[in-house]
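Worksheet: one structure, shown below.
Every number in this text was worked out from the coordinates using simple rules, so none of it is lab data. Because the structure is predicted, anything quoted here is derived from the model rather than measured. Cβ: placed from backbone, ideal geometry, glycine included. Neighbour counts: every protein chain shown.
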Amino acid sequence: MNSARITTTIVAATALTALACGIAQAAPAAPAAAADTVSANVTPVDAPAQPVSAADDFNNALGVVATQFGLATGVGTLGGGLAGMGLGCAAGALTGGFVALPTGPIALPAAAFGCILGASVGAGLGGVLGAATLGIPVGIASGSAAVNALNTPAPQPAPAAAGQQ
């Protein structure tokens, strides 16, 4: 895999994750069915006002941000680690094999050992880079969506029409 292909894969994964986060936040909630409605001709009884807790709203928004950020960093770590492991193994095998090439029979074991060392270093670096590449944009987008949701005023109930009480 070349670096352009890896970059394209990471950018596509970032875009899909950001799109999924936006779709999850933009989905309208289904209206709740009134339990007091007997037929279509009967108007539903207004439910009593529920107290609004700012702490609950904040904790819910923080939970959404944490879930989305954790998902993005997990996917980034997995993808980056796998890509880094493959690239590190190839680089380690080539450098280990070239270093031992003049010695002859030890070139193959040196290439295998270089692959193991390169894969371990590449997986670590790739995992960190993948988590940062996906986690940072999703964290920013999810955090700003949570701030917007917390700062949006609650919808006010519509005034009752004359004659309907």
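Extending 7 Å from the Cα toward the beta-carbon at both residue 152 and residue 113 defines two label points whose distance is 6.1 nm. Extension gain, residue 94-residue 121: 0.36 nm per intervening residue step, less the Cα-Cα distance, totals 8.3 nm.
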